[in-house]
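In what follows, a structure is listed as structure tokens, so that the remarks can point back to it.
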Amino acid sequence: MGSVEFQRVTKRFENGHEALHEVSAAFAEGSFAFIEGHSGAGKSTFLRLLLGADAPTRGNILVNGVNIAGLRARRLPRYRQHIGVVFQEHHLLGHRTAFENVALPLRVAGMRERDIGRRVRPVLEKVGLLDKERFLPAQLSTGEQQRVGIARAVVTRPKLLLADEPTGNLDPALAANVMRLFLDFNSIGTTVIVASHDHALIDAMAKRVIELRQGRLIRDSDPPLRPPGAERTASTRTEAAF
Ligand code: ADP
């Protein structure tokens, strides 16, 4: 579930604006990459398409070899269960404790009550919040709220972790912590794709960088996984895998 390939993906909105233009990039399972670019470059659009929140106008998006652009609406929730998403605005439920916020995706997936605690607490420990599991979001600092959001994104053990400006609100030390967490999850096989315009942070990480400018991919610091032209053969599988 962790391999991703964009094949000449274009996204044109109804007003005619092209947020992405013929973007091609492949991400091997277990890889780590940044999507870099100024505000408006197309980073969020890239992640939203990958999440199935929006459909490309042209091109294919293969996840594990399956073109998600062809997934029907009823298949999308199941597909998204395999993806962890971290936003800058973490959208925590204000009247639920840290524990309950992290437990939510497990409840949605129908996990039994006694298994939920066993899954949630190690993740809270990993993000350093075990002692604050009963706190409401308003009782937590911004960095702590962000870590609850990350815990919630990874508690389902997704094979793919997407983050949109995850360090935007954080000071450099907290941002580095968040990156360390992502590296930890990456080291156990999760594919991680992080959209960011934080130059210093990206440089410090020394990972693959894909740079977008006005919807075009202008730099990919990684060599292509396959020779040009080979991608056309991979787009024909059905949606049965989800
Ligand atoms: P980034 O995340 O890099 O800041 P976005 O992907 O959010 O960039 O946006 C890329 C471009 O697409 C921007 O110019 C934005 O204004 C435009 N855009 C985003 N969503 C829509 C939409 N629903 N309709 C029209 N234009 C949009």
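The values are calculated or read from the model by the stated rules, or taken from the named source; none is laboratory data. All values reported here derive from a predicted model rather than from experimental measurement. Positions of Cβ are generated from backbone atoms using ideal geometry, with glycine treated the same way; all protein chains shown enter the neighbour counts. Ligands, DNA and RNA are excluded from the accessible area calculation, which covers all protein heavy atoms including side chains. Shrake-Rupley method; radii C 1.70, N 1.55, O 1.52, S 1.80 Å.
The residue list Phe46, Phe27, Phe6, Phe99 contains one member that is closer than 28 Å to Ser141 by Cβ, aromatic (Phe, Trp, Tyr) and surrounded by 15 or more Cβ atoms within 10 Å (Cβ to Cβ), which is Phe99.
Within the stretch 21-33, identify whether any single residue is within 30 Å of Asp131 (Cβ to Cβ), of a type in the set (D, E, K, R) and within 16 Å of the ligand (Cβ to nearest atom), and answer yes or no. No, the stretch 21-33 contains no residue that is within 30 Å of Asp131 (Cβ to Cβ), of a type in the set (D, E, K, R) and within 16 Å of the ligand (Cβ to nearest atom). Among the residues here, Leu49 qualifies as among the hydrophobic types (A, V, I, L, M, F, W, C) and within 17 Å of Arg216 (Cα to Cα). Among the strands (runs of 3 or more DSSP E) confined to the stretch 1-90, there are none with at least 2 residues that are without any contact (Cβ under 8 Å) to a residue 24 or more places away in the chain and over 14 Å from the mean Cα position of the chain (by Cα). In the stretch 110-119, of all residues being of a type outside the set (Lys, Arg) and assigned to a helix (DSSP H, G or I), the one that is farthest from the chain's Cα centre (by Cα) corresponds to Glu113. Return yes or no: is Leu71 open to solvent by less than 10 Å² (accessible area, probe 1.4 Å) and either over 27 Å from Ala204 (Cβ atoms) or within 15 Å of the ligand (Cβ to nearest atom) (or both)? Taking the combined requirement at face value, the residue does not satisfy it.
Looking at the stretch 120-225, the strands (runs of 3 or more DSSP E) lying wholly inside it that each contain 2 or more residues that are in contact (Cβ under 8 Å) with a residue 12 or more places away in the chain, polar (S, T, N, Q) and open to solvent by less than 20 Å² (accessible area, probe 1.4 Å) sit at 191-196. What about Pro105, is it at pLDDT 90 or above, part of a helix (DSSP H, G or I), more than 26 Å from Ser3 (Cα to Cα) and of a type outside the set (Ser, Thr, Tyr)? No: the conditions fail for Pro105.
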